[in-house]
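Where a number appears in this text, it was derived from the coordinates with a stated rule and is not lab data. For clarity, every value in this text was computed on a predicted model and none was experimentally measured. Cβ: placed from backbone, ideal geometry, glycine included. Neighbour counts: every protein chain shown.
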Amino acid sequence: MTTQEGMDRETFDRLASAAGLDLGDTSHMDELYNYVRGLVSSLKPLRDMDLEGVEPATAYFPPRD
Amino acid sequence: MDNTEICYSSAGELASLIKSRQVSPREVVEAHLERIEATEPTLNSFITVMADQARAAARQCELAMSAGTYRGPLHGVPLGLKDLYYVRGVRNTSGSRIFDDFVPDYDCTVANRFRRAGAVLIGKLNLHQFAFGPTGENPDYGNMHNPWNVDLIPGGSSGGSGSAAAAGQCTITMGSDTGGSIRIPSALCGLAGLKPTYGRISRYGISVLAWSLDHAGPMCRTVEDCALVMNALAGYDPMDPASVNVPVPDFTEGLTGNVKGLRIGVPKEYFEVPVDTQVEQAVRKAIEQLGEMGAEVREVSMPMFHQTAPISTTILYSEATAYHRNLVLSKGAQYAAPVRVRIESGFFISGEQYLRAQRARALFTRKCRELFDEVDVLAGPMEPMTAHPIGATQVQINDVTVGSVPALTQYTRAFNLNGFPAITVPCGFSDDELPIGLQLAGKPFDESTVLRAAHAYEKATDWHKRRPPV
């Protein structure tokens, strides 16, 4: 599972498989796993931000003819 | 005028020489092709040199002048485009051998507008693969090299644009900037490089890295040239969904050299992260000089500065993965290994995380806009250090070892997130003769003030007149 510390290998493999990545390429998957663990950890400050009442910076505008 | 002088003339200088027929567009193009031939084996700035097309375009420029048509200050001026700007009939690789044979059948809006302005396209420039990296290293087309020291990176992703402009291979070049890719190589190569406001220059026909962060902009040897390019390119384009229909000023009008009364804020957070002592000294001295020239300088706090990296990374990786999904799943092994890993890691960012980052971005942008009620320009270092050796993944800043990628992007990403305009201008050299950049950022769609401040500083100094040893 994804934790405060990072992501365990089982969760990584499950998500990688769902994304369509080739789990058979073990050396590449090891490299990717290490990178993803670092990434998840580096994104932690985002979880701690107070965003109460803030809408995302994305909006849909219907096309005008 | 000898060929070296032609190659180191600015667009503004070449314009008057061409208009007064002291030099012909063909002479200008031949001088640059000769310069490319002499320096290219060392620098590797280009993926495609378009010698025949450039000669033909120069002839057209001369014919037009003979017929009484002068298209303005870019008429006959040599231009290089990063090899992700589509040009009809010219291969566009985006820095990957996967697209070695891809030839677009239409022009990007930027190429169209340059053609209308009379600029002569001389070639397509090397880049960090898929524009996804800040160093200018590329295993497919070879690493780019910094003209100030060819063992060092020129910066990226627009590394070829940086080295080509700095070495006099092109008068003006274009980069793209998703997390700093115009400003990083401009700073490390000693150029003026402008990332305009998001929506100011059309991205139509430019390969995507991340839709909501991608900007197109000029990399030149003078601030005035950046303004001239803005005059040619800025303006609404219905083909780009992000293009904004706002009035376009004459960007050269404010280039008076006067900064009296300009309110300059210096974010204290810029100096709470690792920054090389020589860089800090040069930047603080430059800001002090702007103060002596009449600007009102004061320390400010930039809200959420220390959170910009995780916000930016989340959005960049999610969007890059969405764009590359099919290609990376089918041809991942053909990607450069570091680029592949970055793109595939986006599969592990959830929709909730992406939207959380977009909410944080909205908050950050609002707070930045409020900050600009108090100041006209924010000033600080463009990079925390000078160029580092090719291949290095860690760098030493004073007594701290940091990752190259986070260090190179620590001052750039904020202005991709909020979309505000930001320029780098040379403000000194290190003891080992490497350029240092000053970043000046402004309010949305107020490139004029950013250009005015940068131009005034440039005019008062001579850093931009130095030439690299290559």
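Miscellaneous remarks
- Charge-dipole axis of chain B as Lys and Arg at +1 and Asp and Glu at -1 on Cβ define it, positive-most pick from B:S24, B:P196, B:I390: B:P196
- Simple spin-label estimate for B:E34 and B:E253 in nanometres, 7 Å along Cα-Cβ: 4.1
- Only Lys, Arg, Asp and Glu carry charge here, each on its Cβ (+1 for the first two, -1 for the last two); on that basis chain B has a dipole of about 1060 debye about its Cα centre.
- Here's how it looks for B:L152: its modeled amide H is under 5 Å from those of B:N146, B:I390, which are all 5 or more places away or on a different chain.
- B:M239-B:T42 FRET efficiency (beta carbon distance; Förster radius 30 Å; 0.05 resolution): 0.20
- Dimensions (Å) - chain B, Cα atoms, principal axes, largest first: 58, 58, 45
- Once the C-beta distance of B:M1 and A:D50 is scaled by a Förster radius of 60 Å, the resulting FRET efficiency is 0.45 to the nearest 0.05.
- Spin-label zone in segment B:433-470 - amide nitrogen under 13 Å from a point set 7 Å from the Cα of B:E370 along the C-beta vector: none
- Spacing of the two label points (7 Å from each Cα toward its C-beta) at A:S17 and B:W211, in nm: 3.1
- Net charge dipole, segment B:215-370: roughly 580 debye, given to the nearest 20, about the Cα centre with Cβ charges of +1 for Lys and Arg and -1 for Asp and Glu.
- Here B:E383, B:E458, B:E34, B:E299 are placed in order of increasing Cβ neighbour count within 10 Å, fewest first, which gives B:E299, B:E34, B:E458, B:E383.
- Basic side chains Lys and Arg get +1 at the Cβ, acidic Asp and Glu get -1 at the Cβ, and with that the dipole of segment B:157-267 about its Cα centre reaches some 320 debye.
- Theoretical gain in end-to-end length, B:D52 to B:V400 [0.36 nm per residue, Cα-Cα removed]: 120.3 nm
- For the protein assembly as shown, the spread of Cα positions along each principal axis, largest first, Å: 71, 57, 53
- When segment B:195-255 is reduced to its Cα atoms, the Kirkwood hydrodynamic radius in Å: 12.2
- Sites B:S301 and B:L327, calculated FRET efficiency, Cβ-Cβ separation with R0 51 Å, nearest 0.05: 0.75
- Over all distinct Cα-Cα pairs of segment B:175-334, the Kirkwood formula returns a hydrodynamic radius of 18.4 Å.
- The residue among B:V120, B:T69, B:V103 whose Cα reaches farthest toward the positive pole of the charge dipole of segment B:1-125, with charges on the beta-carbon of Lys, Arg, Asp and Glu, is B:T69.
- Exposure proxy for B:H388, B:H306, B:H128, B:H464: other Cβ atoms within 10 Å of each Cβ, ordered fewest to most, give B:H306, B:H464, B:H388, B:H128.
- Each of B:R452, B:R298, B:R325 was scored by other Cβ atoms within 10 Å of its Cβ. Listed from fewest to most, they are B:R298, B:R325, B:R452.
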